[in-house]
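Colleague: Quick one: structure below, then a few questions.
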Amino acid sequence: GQQVQQSPASLVLQEGENAELQCNFSTSLNSMQWFYQRPGGSLVSLFYNPSGTKHSGRLTSTTVIKERRSSLHISSSQTTDSGTYLCALDPSSGSWQLIFGSGTQLTVMP
Amino acid sequence: EAAVTQSPRSKVAVTGGKVTLSCHQTNNHDYMYWYRQDTGHGLRLIHYSYVADSTEKGDIPDGYKASRPSQENFSLILELASLSQTAVYFCASSLTGGEYEQYFGPGTRLTVL
């Protein structure tokens with residue numbers, strides 16, 4: 001079965017609203033990375049977060065290994081936050097690859 | 001900041017033709033990876049390498065070869081391009097395997113006609 005599941009698949013917000021994106025995984029992990037994919041396709045690394053909580057501006061990433069989940073919180077959303085958010089799991093199986101979720105398509109309306 | 005570049009940025013190829021995608025990193029990283037992304041999906045690993053002159057298969061290696069002639073360069077080769085290989089291809093590098101952040105290139109959009 002799918003090792004990494006992201007939810008929701010899509011999300012529409014009004015500017016200023018907060019967003020909570022979820023990533024659940026079914027395997028043990030070394031780390032979790034969150035990426036923002038621009039409409040043009042390039043990937044921007046947002047967080048490298050093996051465990052705990054990390055902050056960057058309006059973004060917060062929380063990984064709880066015991067519960068096998070990671071979340072990305074976006075506060076006070078802006079139209080420029082629109083795009084696709086991907087989580088990627090680095091499993092502890094020694095395969096040295098990232099296993100990606102299918103992504104959350106976020107649209108922030110003005 | 002980590003720097004991974006890819007060339008070409010986009011390419012149109014004919015079915016049955018040979019395609020070579022190139023990746024160059026200036027991070028002094030040992031590990032390099034090739035992923036593909038299909039529309040509306042996450043990325044899947046094709047090949048990776050942890051040392052020059054050696055490559056390893058990822059999850060979806062069929063139809064692809066890889067070449068790592070030096071630490072800085074990693075190529076993906078489609079000997080006989082097929083329609084199903086139309087996708088966006090991303091190269092990435094990391095310091096070592098596991099427990100280290102991967103840095104991605106800008107991607108190559110490949111269309112096979």
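Read the figures in this text as sums done on the coordinates, not as results from a lab. Please read all numbers here as calculations on a predicted model, not as lab measurements. So basically every Cβ, Gly included, is an ideal-geometry build from the backbone, and we count neighbours across all protein chains shown.
Colleague: Would you order A:W34, B:W34 from fewest to most other beta-carbon atoms within 10 Å of each residue's own beta-carbon?
Modeller: Numbers: A:W34 25, B:W34 28.
Ordered by Cβ neighbours within 10 Å, fewest first: A:W34, B:W34.
Colleague: Cut-off is 10 Å between beta-carbons; in what order do B:H29, A:H55, B:H47 appear when sorted fewest neighbours first?
Modeller: Fewest-to-most Cβ neighbours within 10 Å comes out as A:H55, B:H29, B:H47.
Colleague: Just A:S51, A:S82, A:S26 to compare: in a GNM of chain A, with alpha carbon springs under 10 Å, which one fluctuates most?
Modeller: It is A:S26.
Colleague: For A:L98, list long-range residues whose amide hydrogen, built 1.01 Å from N in the peptide plane, is under 5 Å from its own amide hydrogen.
Modeller: Residues meeting the criterion, in which the H sits 1.01 Å from N, do not exist here.
Colleague: Still on this structure: If amide hydrogens are placed 1.01 Å from N in the peptide plane, which non-local residues have theirs closer than 5 Å to the one on A:L46?
Modeller: HN-HN under 5 Å from A:L46: A:W34, A:F35, A:Y36.
Colleague: Now for a separate question. Give the distance, in whole Å, between the Cα centre of region A:1-49 and the Cα centre of region B:16-46.
Modeller: The two parts, judged by their Cα centres, are 20 Å apart.
Colleague: How big is the charge dipole of the protein assembly as shown about its Cα centre, in debye rounded to the nearest 20, if each Lys and Arg gets +1 on its Cβ and each Asp and Glu gets -1 on its Cβ?
Modeller: Result for the protein assembly as shown is approximately 320 debye, rounded to the nearest 20.
Colleague: Compute the signed sum of charges (Lys and Arg +1, Asp and Glu -1) over the other residues within less than 15 Å, Cβ to Cβ, of B:A87. Kindly include the intermediate steps, with their values, before the conclusion.
Modeller: Details: positive: B:R9, B:K11, B:R36, B:R44, B:R109; negative: B:D38, B:D59, B:D62.
Once positives and negatives cancel, what remains is +2.
Colleague: Please find, in a Gaussian network model of chain A (springs between Cα atoms separated by less than 10 Å), the residue of A:P50, A:P91, A:P39 whose mean-square fluctuation is greatest.
Modeller: Sorting by GNM fluctuation, first place goes to A:P39.
Colleague: Right, next: For chain A, what is the charge dipole size about the Cα centre, in debye to the nearest 20, if Lys and Arg each add +1 at the Cβ and Asp and Glu each add -1 at the Cβ?
Modeller: It comes to approximately 220 debye.
Colleague: Based on the Kirkwood radius over alpha-carbon pairs, what is the Stokes-Einstein translational diffusion coefficient of chain A at 10 °C with 1.306 mPa s viscosity, in µm²/s?
Modeller: Reported coefficient: 114 µm²/s.
Colleague: Which entries of B:K11/B:K57; B:K18/B:K65; B:K18/B:K57 have Cα-Cα distances beyond 22 Å here?
Modeller: In this structure, B:K11/B:K57 exceed 22 Å between Cα atoms.
Colleague: Gain in length, A:K66 to A:T53, computed as 0.36 nm per residue apart minus the alpha-carbon separation, to one decimal in nm?
Modeller: Difference between extended and current length: 3.3 nm.
Colleague: Determine which lysines satisfy two conditions relative to A:K66: a Cα distance under 20 Å, and not lying fewer than 8 residues away in the same chain.
Modeller: Once the sequence-local lysines are set aside, what remains near A:K66 is A:K54.
Colleague: GNM on chain B, C-alpha springs below 10 Å: top fluctuator among B:T39, B:T55, B:T20?
Modeller: Maximum among the listed residues: B:T39.
Colleague: Per-residue HN-Hα couplings for region B:76-92, Karplus 6.51 cos²θ - 1.76 cosθ + 1.60 at θ = phi - 60°, whole Hz, x for Gly and Pro?
Modeller: Karplus values, whole Hz, x for Gly and Pro: 10, 10, 10, 5, 10, 4, 10, 4, 5, 8, 5, 5, 9, 10, 10, 9, 9.
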